[in-house]
Each structure stands twice: as C-alpha cells, then as structure tokens.
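The values are calculated or read from the model by the stated rules, or taken from the named source; none is laboratory data. The structure displayed is predicted, hence computed values, not measured ones. Here Cβ is always computed from backbone atoms with ideal geometry, including for glycine, and neighbour counts include all displayed protein chains.
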Amino acid sequence: MRTTVGIIGGGPAGLLLARLLHRAGIDSVVLESRDRAYVEHRQRAGILEQGTVDVLRAAGAGERLDREGLRHDGIELRFDGRRHRVDFPGATGGRSVMVYAQTEVCKDLIALQLKEGGPLLFEAQALAVEGADGDRPRIPFRHQGREDVLECDYAVGCDGFWGVTRGAFPPALSRVFERTYPYAWLGILADVAPSHDELVYARHDRGFALLSMRPPVTRHQPSREVAPLPIESFVSRLYLQVPAGTDAEEWTDDEIWSELERRFETEDDWRLERGPITQKSVTPMRSFVHEPMRHGRLFLAGDAAHIVPPTGAKGLNLAVGDVATLARALAHRKETGSPELLDAYSATCLRRVWQAERFSWDMTTMLHPAPDATPFDARLQLARLERIASCRAAETDLAEAYTGFPLG
Ligand code: FAD
Ligand code: DHB
C-alpha cells in the first residue's frame, strides 16, 4: 500500500489531520488499531477552545458542532465555600469556549472521512515505523489477521501516549520531560440536568471536584400518536479527585454523590442534583513532553508527543493545534517546494505545548490537595485562588490560557 502521508492512529489528531490534508489535496491513509464503535464512544474531553472550533469549521466539520455545541463564556472557581466567576469575553476581548464532546468530534470526522476522504482502516495496528530518516518511511501493520506495509513520503504518529511511533526516534535524539501526580480523577456521566449552567472547578480540603456537562441529547420516544415524541435528555459530567491507582468500582453511586456534595458545598443555598450514573472510570494524571516532535520524515502529534493533566482542558486542543500546524506545513511544501514550515514544526508546536503544560500544572496544583499536603500548602492554594478572585491581571491570565493560546 502506498500514500503520501501515513497516519498512525485514528483519534481526534489522526482523523483531523487526514481531513485537513484532504482539503489541501494531499492523500493519506489512517491506520487505527481499535474498531469504529470503540473510537466513537471512548469518553474523554469536553471543552473546545475557540481556535479548535475555528479549525474544525474550516475543515468542514463544524455543522453539528455549531448546532449542538454549548458556548460557554466563563467558569466558576469554588473554594472555602465561596464562588468566583471568571468572565472570559470580558477578560480576553471576546473569547469563549465550546462544550462539545470528543466522542462527537470523532463521529463527525469519521463520517466525513468515510464519505469523501482517503482510506481509514479500523482494526489496523501499526507495528513500527521504519526508515524515518530516509526518503520513504515504511509502516508495517496488521489488518484483519494479515500483515501489510504502508509506504509513504511522510509518517505521522497520532497514536496517543501508548502508541509505537515515539519508539522510532533514536534514543540519542529523544528527550523526555515528565511528572506524575499522586492523585487521579474518577469521572462519571449522569442522566441529570447540570446543577449549574457553567463549569465549576472546586477546591476543598477533601479534594478537587469538577462539574461539567454534555450538550443535551435528543431521543425520539415511540408514541401511540403519529410522530415519535422528541425528548431532550440532559447529561452531567462530573469528576472527583481520588488517590492514584483507585479502581472505579471501589466507589458506590451513593458514595460518589455524597462526596461530590461535600466538595461543592457553598455558603449560599446552591444544591447538587443527583441522577442515575451511566458511566464511571478513573483517569490517571501525568505531565509529559517528548522533544523533538520530528525526526526526518516522521512527525509526532497530540498525546503521542505530550500529555497534560486534565484540569486545564488542554489535551484535545493541543492535538488540534499540532495537526493544524502540520497540515499547513505539508500544504506549504506541496505548493512551494519549501521545507521551511516542516523544519519549524517541532519548535512551533513546542512553544504552545509548554505554555499548556505550565497552565495545566498551575491549575492542577492550585486545586488538588496532595496526600502529604501541610496546612501551609493548603493556605498557599487558597491564596492563589484569592489572587485570581481579587486581581484583574491574575484573572485575565487564567482566562487567556483557558480560552487558548494562538496557533503560532
Ligand atoms: P488519542 O485520542 O489517544 O488517539 C490515539 C489513537 O491511536 C487511538 O484511537 C488508539 O486506538 C490509536 N492507536 C494507538 N496505537 C496504535 C497503533 N499501534 N496502530 C494504530 N492505531 C493506534 N482534552 C481537552 O482538550 N479538553 C478536555 O476537556 C479534556 N478532558 C479529558 C478528560 C479525560 C477523562 C481524559 C482521559 C482526557 C481528556 N482530555 C481533554 C485529553 C484528550 O482526550 C486527549 O488529549 C486527546 O484524546 C488526544 O488525542 P490524540 O488523537 O492525540 O490521541
Ligand atoms: C471536562 C474535562 C476537563 O478536563 C475539564 O478541565 C473540563 C471539562 C469535561 O470532560 O467536560
């Protein structure tokens, strides 16, 4: 099999790259190790920066996003029983974010790719990348029990943190920067209307909690009358700080709701609504950067190159930034013959990546009490939150980072 750009991984990074290349007249093949249903239902991110929304629209994948996504103009910080709203447009000159699930982004991109893009092979597992420093990289892969090879001009590793492509970098070239955290997130989806119309990030001595949501789902309930009845079901997404290594099944639904109630407690009469929990899982927290993001004709994009702890909602947005930068560089090469933008790819992305690493670390350490935290540490966290609540410059810094750094 032969193509111009061989893409390993059909998560948001790989799917969007294939789409952007198709729009630029560059052919590609996507190899995805899992099946379609798995990719479309893997619960993850929910917050899209304005720049991410713009890229998806420009890729022709903005139609359902614009119809169903929820524009959010702020978040609430909750600490010491107090509530402080950060107003995004006011602080940033008009920027906001969009609530639209990663599962839906993937569904939209898969549908477009299968309709009018190049091959997207599910259950196709890349085994390695060979010859990255030559003219024609090769990607051996296994598909439906058969071994095959994808030959390409460029290979792109969009295969997430656990993929194979980082391993194709010579050890002498690779530099890894990493931090793990002694806590994780227990995330749930619940069939209940969100108890607040914006996200709530809560710091409590018992641990961090986050209230988020998904756009309402419209279901058509069969009725005895002529037309089925459309029913809007509301979905809450909530997260709870738990010790690293926790098994989600250790927590009963009742224990989850009780703990969320305690961590979201306020001085006023705000209340958390409970509902049936439909999904429950634990996410580990990690900061990780692999430098450089390019070796010869092999490029890394998204979680294959970097991981942030989820507190700043940056992971998916960084993946989109990488592939938008790469697609532009490949199109520039095709149109002008110049490798200038491809040569700059790693440095261009890493500038943005490190800003997101800094912000995600900042949000995480400000809001999560560590297991060995002292009373001094707790006071410092409160002082950092108080600073944002009382100083316009500090609040603007948070709002600018949360709504997104320019693609550069
Ligand atoms: P992935 O989504 O991991 O996709 C990689 C793909 O490669 C997978 O489909 C995998 O099956 C495939 N693959 C792996 N190995 C191979 C192989 N050998 N051959 C072929 N295919 C392979 N980010 C945000 O921006 N905002 C948020 O609000 C947010 N919240 C999050 C909440 C949670 C609970 C979690 C877990 C993450 C969150 N993130 C968030 C992060 C975000 O989900 C990731 O950064 C994003 O999925 C990265 O996309 P990706 O395409 O780079 O990698
Ligand atoms: C969601 C996830 C995040 O990591 C975050 O910071 C905000 C919202 C979410 O899944 O809705």
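Filtered by the rule that a residue be touching a Lys or Arg at 6+ places or on another chain (Cβ under 8 Å) and at negative phi, the range 195-208 gives S195, E198, V200, Y201, A202, R203, H204, R206, F208. Regarding F208, is this residue aromatic (F, W, Y), within 16 Å of ligand 1 (Cβ to nearest atom) and in contact with a helix residue (DSSP H, G or I) (Cβ under 6 Å, 6 or more places away or on another chain)? Against the criterion (aromatic (F, W, Y), within 16 Å of ligand 1 (Cβ to nearest atom) and in contact with a helix residue (DSSP H, G or I) (Cβ under 6 Å, 6 or more places away or on another chain)), F208 qualifies.
Taking the condition at positive phi and more than 9 Å from ligand 1 (Cβ to nearest atom), does G321 pass? No, not satisfied. Any residue in the range 12-33 that is within 16 Å of ligand 2 (Cβ to nearest atom), in contact (Cβ under 8 Å) with a residue 24 or more places away in the chain, touching a helix residue (DSSP H, G or I) at 6+ places or on another chain (Cβ under 9 Å) and not small (G, A, S)? Yes, because at least one residue in the range 12-33 is within 16 Å of ligand 2 (Cβ to nearest atom), in contact (Cβ under 8 Å) with a residue 24 or more places away in the chain, touching a helix residue (DSSP H, G or I) at 6+ places or on another chain (Cβ under 9 Å) and not small (G, A, S). Cβ-Cβ distances below 7 Å connect the following pairs, each with a first residue in the range 176-192 that is closer than 16 Å to M213 by Cβ, a second residue that is modelled with pLDDT of 95 or more and among the acidic types (D, E), and a separation of six or more residues or different chains: V192/E273. Elements of the type helices (runs of 4 or more DSSP H) sitting completely within the range 3-109 and holding at least 2 residues that are within 30 Å of E265 (Cβ to Cβ): these cover 88-92.
Selection of helices (runs of 4 or more DSSP H) fully inside the range 310-408 by the criterion of at least 3 residues being under 30 Å from A244 (Cβ atoms) and among the β-branched types (V, I, T) returns 340-367. Out of D372, D377, D362, which single residue is surrounded by fewer than 20 Cβ atoms within 10 Å (Cβ to Cβ), within 16 Å of ligand 2 (Cβ to nearest atom), acidic (D, E) and over 30 Å from D153 (Cβ atoms)? Exactly one residue qualifies, and that residue is D362.
Looking across R175, R214, one residue alone is basic (K, R) and modelled with pLDDT under 95. It is R214.
The residues listed here are R71, R83, R57, R36; of these, the one that is farther than 28 Å from T311 by Cβ and at pLDDT 95 or above is R36.
Annotation note: Cβ proximity below 8 Å between a residue of the range 145-159 that is closer than 15 Å to L21 by Cα and a residue that is loosely packed, with under 13 Cβ neighbours inside 10 Å (sequence gap 6+ or interchain) occurs for C152/R2; D153/D135. Here Q102 meets the list (1) within 16 Å of ligand 1 (Cβ to nearest atom); (2) within 16 Å of I47 (Cβ to Cβ); (3) out of contact with any Pro (no Cβ under 8 Å at 6 or more places or on another chain) almost entirely, failing just condition (3). Put simply, of E249, E225 the only residue that is away from ligand 2 (no atom under 16 Å from the Cβ), over 20 Å from the mean Cα position of the chain (by Cα) and at pLDDT 95 or above is E249. Mind listing just one residue for me: the one in the range 153-171 that is in contact with a strand residue (DSSP E or B) (Cβ under 6 Å, 6 or more places away or on another chain) and away from ligand 1 (no atom under 14 Å from the Cβ) and, of those, nearest to E40 (Cα to Cα)? Ranking the candidates gives Y154 first. Scanning the range 261-304 for residues that are part of a helix (DSSP H, G or I) and away from ligand 1 (no atom under 11 Å from the Cβ) yields E261, R262, R263. Looking only at the range 29-88, filter to residues that are near ligand 1 (Cβ under 10 Å from one of its atoms) and β-branched (V, I, T); which one of those is surrounded by the fewest Cβ atoms within 10 Å (Cβ to Cβ)? Among those residues, the one meeting the criterion is V39.
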